[in-house]
Amino acid sequence: MRARWLLPLGTVPALHAAYAAQYLSIEDAQRAAFPEAVSFATLAPPTSAVQAWAAGESSGAAPVRAPKVWEARSADGVLGWLLVDRVIGKTELITYAVALDRAGRILALDVLEYRETHGSEIRLPAWRRQFIGRDAAHPPVFGSDVRNISGATLSCRHVTEGVQRLLRFQQAVLAGAAHG
Amino acid sequence: MTRTRIAAALAAILAFAPLAQADDAGLRSEVAELRAQLQALQREIATLRQERAPVTPASAASAAAVPAPATAEDRANRDSGTQLTGYAELNYNRPTAKAAAAQADLRRAVLGFTHRVDDTTRIVGEFEWEHAIVSADDKGEAAVEQLLIEHEIHPSLGLRAGLMLMPLGLLNERHEPPTYYGVERNFVETAIIPSTWREGGVALYGTTAAGFSWSAGLTTGFDLGKWDATSDEGRESPLGSIHQEMQLAKARDPSLFVAGNWQGIPGLTLGGGVFTGKLAQGMEKYPAADARLVLAEAHARWQSGPFDVQALYAHGHISDTEALNLTLLGNPTPVPESFWGGYVQGAWKVWERDDSSLAPFLRYEAFNTAAAYAPAPIGLAPDTAPAEHVWTIGANYWLNPNIVFKADYQHFDVDDTKNRFDLGMGYMF
């Protein structure tokens, strides 16, 4: 049979299934970063603090948006925060989450949604682990602390810059709120 | 039947009614007790609610209920789901031995789009003009560089169908000027692995948590019938001269490719790929009816701190060309049996401020587009070509990661009339 090579194509529709482009939900990211938490509360930080932070971040071109913040609590009080933010990779938005402990140190970085045609390798655990333990005093620097993934340079660079921004947000806005 | 059952049930209720009446007082006291317990519970719940007032449980609903302030870019994303993309390169080449041959060329202007149909499906297109003007009297070229549908079957498995870039080497899939060093694309990844190389077909691609990404597909391939033994095109790039680019591509014989990269250690990329397919495409009475191409490559890249080092080796083999080459006797460019090339390159980011940076680089390439020919009768064997060795020294200056200016000097060990000085600029978005 001459067209024997076409046979494997028949298996393709069978593989089709509906999955979301979301790799991890916010809830999953919360539970993974704070397994001992009993509750996660959405937090609306003081507008004045957010505005002061945004003014410092803005380079004039694009407006800076505040991340969504969840406060993780155990019976003893605040454990830390999960911050969900977005950056542009090459042309598409990447949704990512940074979990911070009460001292502002990174517990985890998760890529929640990735939409680019190439570069989804930033989801690799080995790449994301480079951020753990960093804080506003020792922010991750792209190229030295955070090594690049060839073929995903812009995604790596922009997520690193986004994490730096969130660390400054923690210091400017959240640091004073961790009394509970 | 049903009526009988209803009658029996009624009889049972009537029989027990006096018994229920007798127990009435007991039930009343029990209800009063339950009411008191319920009121106590309600008070307790109210107290708890008060204590936990600022806390709302995490759930998908609560996440969705907190709208983030949308920026213009977010709105654009949500509204259309379509992104305009593009890149361009403008080059100036000046041979050192022959200034009259200096040339400035708008090498490529490319516009593309990515349209997200839904969360798991997108359409990608890229359209290219080469050499600025395309008309019957000009040398320009208009081409579709990519046109494909990409569908995510699973977060770590996707399907691509259409005209797609072949994932061999470090350059072909990522060929925008800000992503590589030097004004011109390197020789190995243009002469041995064609560039920009695309084929029509279907492919599966995926990633694993251990850092391995792969793709494999069934595509169109090359057409040996296009080989022109009278021109030197086949000497410059054997595969580049017989590519089909899905222009009425002969598709009797499909080609297969498998490629992969391991990036399990941040900064490191180790990878390789193989492409194979028959080249005669079923042409009748063709002297190389069973000719088959096998192109294989391996590459490595290490990026750490200011250093960026990469190496690649590619080897191509075309079988069953003896009879074909006998029909081409006397022509300058018979079909080679093997061709190969490799390079090592090192770059060092010496300066960086905000988004701008400067990185000098050095690249050494060796390649041979006609390293061997199929055995021929004594006296009729074509002469193999010597391997060319090229040194390229230069620098990339990125105004920002998407805009690059480049300068370099290229030295050819064998044919030093080709030595040249190059300037270039490029962008991508």
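Please treat every number below as a calculation from the coordinates, not as lab data. Because the structure is predicted, anything quoted here is derived from the model rather than measured. All Cβ positions, glycine included, derive from the backbone under ideal geometry; neighbour counts span all protein chains shown.
Sorted ascending by nearby beta carbons within 10 Å, beginning with the fewest, B:Glu128, B:Glu365 become B:Glu128, B:Glu365. The alpha carbon centroids of the range A:87-105 and the range B:280-330 are separated by 43 Å.
Listed values for the range B:230-236 are Karplus-derived 3J(HN,Hα) couplings in whole Hz (6.51 cos²θ - 1.76 cosθ + 1.60, θ = phi - 60°), namely 8, 9, 9, 4, x, 7, 6, and x replaces Gly and Pro. At full extension, B:His315 and B:Lys139 could sit 60.3 nm farther apart than now, given 0.36 nm per residue minus the alpha carbon distance.
Put in order of Cβ neighbour count within 10 Å, fewest first, the listed residues B:Met283, B:Met164 become B:Met283, B:Met164.
A simple spin-label model places pseudo-atoms 7 Å from Cα toward Cβ; at B:Ser356 and B:Leu326 they are separated by 6.6 nm.
If R0 is 51 Å, the Cβ-Cβ spacing of B:Ser304 and B:Thr121 corresponds to a FRET efficiency of close to 0.90. Under 14 Å from a label point set 7 Å out along the Cα-to-Cβ vector of B:Ala132, no amide N atom of the range B:392-425 is found. Quick check on the range B:149-428: take the gyration tensor over C-alpha atoms, sort the square-rooted eigenvalues as a ≥ b ≥ c, and tell me if it's rounded (a/c under 1.5), prolate or oblate. It comes out oblate by the Cα gyration axes. For the range B:149-428, what is the relative contact order in percent, using Cα pairs closer than 8 Å and at least 6 residues apart in sequence? It comes to 16 percent, rounded to a whole number.
Contact order for the range A:19-177, expressed relative to its length and based on alpha carbon pairs under 8 Å spaced 6+ residues apart, stands at 22 percent.
The packing ranking of peptides B:270-278, A:136-144, A:64-72, highest mean first, is A:64-72, B:270-278, A:136-144, where packing means the average number of other beta carbon atoms within 10 angstrom of each residue. Close Lys pairs in the range B:149-428, defined as Cα atoms under 17 Å apart and 8 or more places apart or on different chains, number 6. Which FRET efficiency, nearest 0.05, do B:Asn400 and B:Ile378 yield, Cβ-Cβ r, R0 56 Å? Efficiency, rounded to the nearest 0.05: 0.35. Listed by Cβ neighbour count within 10 Å, with the fewest neighbours leading, A:Ile132, B:Ile318, A:Ile122, B:Ile149 appear as A:Ile132, B:Ile149, A:Ile122, B:Ile318. Take the Cα of A:Arg102, step 7 Å toward its Cβ, do the same at A:Ala52, and the gap between the two points is 2.3 nm. Extending 7 Å from Cα along the Cβ direction at B:Ala296 and again at A:Gln171 yields two label points whose distance is 5.3 nm.
Work out how much length B:Ser29 to B:Leu248 would gain on full extension: take 0.36 nm times their residue separation and subtract the Cα-Cα distance, in nm to one decimal.
Details: separation 219, 0.36 × 219 = 78.84 nm, distance 9.18 nm.
Net length gain for the segment: 69.7 nm.
The simple Förster model, with R0 at 35 Å and r as the Cβ-Cβ distance, assigns B:Asp416 and B:Leu84 a FRET efficiency of 0.20.
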